[in-house]
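Engineer: There's a structure below that I have some questions on.
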Amino acid sequence: MLVRVPQLLAPEQVAEMRALMVKADWVDGRATAGAQSGQAKHNLQIAEHSPAVRALGDVILSALGRNELFTSAALPLRVFPPLFNRYDGGMAFGSHIDNAIRFVKTAGAPLRVRTDLSATLFLTEPAAYDGGELVIEDTFGAKTIKLAAGEMILYPASSRHHVTPVTRGSRIASFFWVQSMVREDEARRHLFELDTAIQALRRDQGDSAEVLRLTGLYHNLLRRWADA
């Protein structure tokens with residue numbers, strides 16, 4: 001299931017983040033890649049544990065916490081702290097699948113995050129660069145994604161995907177992973193579709209008996225499938 005989250009960030013938030021990125025320390029993006037994906041990865045990344053990453057990530061995490069569409073689609077249990085990459089002319093990321101487990105450094109033992117969902121938040125307007133499309137391969141074929149600044153795409157981390165070469169300008173984005181309360185993509189999709197239908201019915205009918213029954217069904221399915 002691919003879910004587009006429009007206007008996760010307001011234009012002024014994107015502008016403020018971009019201004020902070022100008023002063024950030026950019027390093028080789030292979031620093032956070034696995035053995036296989038590191039061979040295909042050619043981009044730049046803000047150093048993972050820099051103060052800039054923490055400040056920028058907090059803006060995104062706050063926005064995610066307020067976004068009902070993200071919550072409904074992802075049913076998040078844990079969110080890996082957002083990272084930031086840049087593709088300049090000639091840079092690309094070949095076809096790969098994201099690592100199944102990511103580790104978040106803490107004061108104690110590292111926190112494990114199972115990567116059920118991958119997210120890319122675009123921070124550059126499409127007209128500012130050529131190439132740099134995110135291509136996601138799913139059961140219905142390849143989907144090419146290039147969104148407005150402040151918009152995000154959420155997709156199964158099990159999907160094979162790549163970023164096409166940038167031929168003009170620079171493409172800047174944030175990327176991160178989500179461990180969902182519901183592990184299986186199909187189950188999450190059923191719950192998302194049911195929740196979407198319930199919200200539409202509530203707008204038309206209010207809390208009718210039918211809406212209440214469907215809401216009960218939603219929560220009973222979530223109770224059955226969730227690992228929280």
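Engineer: So what J values fall out for region 53-63 if you push phi through Karplus, 6.51 cos²θ - 1.76 cosθ + 1.60 with θ = phi - 60°, rounded to Hz, Gly and Pro as x?
Structural biologist: With the stated coefficients, region 53-63 comes to 4, 5, 5, 5, x, 4, 4, 5, 4, 5, 5 Hz.
Engineer: Compute the length gained on full extension between Arg112 and Ser170: take 0.36 nm times their separation in residues and subtract their Cα-Cα distance, giving the result in nm to one decimal.
Structural biologist: 17.7 nm
Engineer: Output the relative contact order of the chain, whole-number percent, from Cα pairs under 8 angstrom with separation of 6+ residues.
Structural biologist: So the answer I get is 24 percent.
Engineer: Okay, moving on. What number in nm² do you get for region 115-182 if you take the convex hull of its Cα atoms and divide its surface by four?
Structural biologist: Computing the convex hull of the Cα atoms and averaging its projections yields 4.7 nm².
Engineer: Roughly how many nanometres apart are two label points built 7 Å out from the Cα toward the Cβ at Asp204 and Thr71?
Structural biologist: It works out to 2.5 nm between the two label points.
Engineer: Label-point separation (nm) for Thr144 and Leu61, each offset 7 Å from Cα along Cα-to-Cβ?
Structural biologist: 3.6 nm
Engineer: Another question, then. To the nearest 0.05, what FRET efficiency results for Glu193 and Ile101 with a Förster distance of 30 Å applied to their C-beta separation?
Structural biologist: On the way: r = 28 Å, r/R0 = 0.94.
Result of the calculation: an efficiency of 0.60.
Engineer: In addition: With contacts defined as alpha carbon pairs under 8 Å and 6 or more residues apart, what's the relative contact order of region 125-202 in percent?
Structural biologist: 33 percent
Engineer: OK, next. Please build a GNM for the chain, connecting alpha carbons under 10 Å apart, and tell me which residue among Phe140, Phe176, Phe80 fluctuates the most.
Structural biologist: Looking only at Phe140, Phe176, Phe80, the largest GNM fluctuation is found for Phe140.
Engineer: In region 1-105, what percent of the accessible surface is made up of carbon and sulfur (1.4 Å probe, ligands and nucleic acids excluded)? Could you put the intermediate results ahead of the total?
Structural biologist: Values: 2920 of 5300 Å².
Summing carbon and sulfur atoms, their accessible area is 55 percent of the total for region 1-105.
Engineer: Any idea of the accessible area per residue across region 134-228, 1.4 Å probe, to the nearest Å²?
Structural biologist: Dividing the accessible area of region 134-228 by its residue count gives 53 Å².
Engineer: Grab the beta carbon distance between Leu20 and Ala128, set R0 = 22 Å, and tell me the FRET efficiency rounded to 0.05.
Structural biologist: The pair Leu20/Ala128 has a calculated efficiency of 0.80.
Engineer: Over the Cα atoms of region 107-223, each weighted equally, I'd like the Debye log10 I(q)/I(0) at q = 0.09, 0.17, 0.21 Å⁻¹, rounded to two decimals.
Structural biologist: -0.39, -0.95, -1.11
Engineer: Further question on the same structure: Cα atoms only, the chain: Rg and Dmax in Å?
Structural biologist: That works out to 18.3, 58 Å for Rg and Dmax.
Engineer: Further, regarding this structure: Starting from the amide H of Ser170, placed 1.01 Å from N in the peptide plane, find each other amide H under 5 Å away whose residue is 5 or more places distant or on another chain.
Structural biologist: Distant-sequence amide H within range of Ser170: zero hits.
Engineer: A further question follows. Amide H neighbours of Arg183 under 5 Å, counting only residues 5+ apart in sequence or on other chains, H built in-plane at 1.01 Å?
Structural biologist: It is Asp227, by chain and number.
Engineer: Which aspartates and glutamates, on any chain, are close to Lys146 with Cα under 12 Å apart, when same-chain ones fewer than 8 places away are left out?
Structural biologist: In chain and number order, the partners are Glu125, Asp130, Glu133.
Engineer: I've got another one for you. Just to check I understand the Karplus step: with θ = phi - 60° and J = 6.51 cos²θ - 1.76 cosθ + 1.60, what whole-Hz values come out for region 113-126, glycine and proline as x?
Structural biologist: 3J(HN,Hα) across region 113-126, in whole Hz: 10, 7, 8, 6, 10, 9, 9, 10, 10, 6, 10, 10, 5, x.
The values are calculated or read from the model by the stated rules, or taken from the named source; none is laboratory data. Note that the structure is predicted; figures quoted are calculated from it, not measured. When we count neighbours, we look across all protein chains shown, and the Cβ atoms used for this are built from the backbone with ideal geometry, even at glycine. Note: accessible area is taken over every heavy atom of the protein model, side chains too, but ligands, DNA and RNA are not part of it. Shrake-Rupley method; radii C 1.70, N 1.55, O 1.52, S 1.80 Å.
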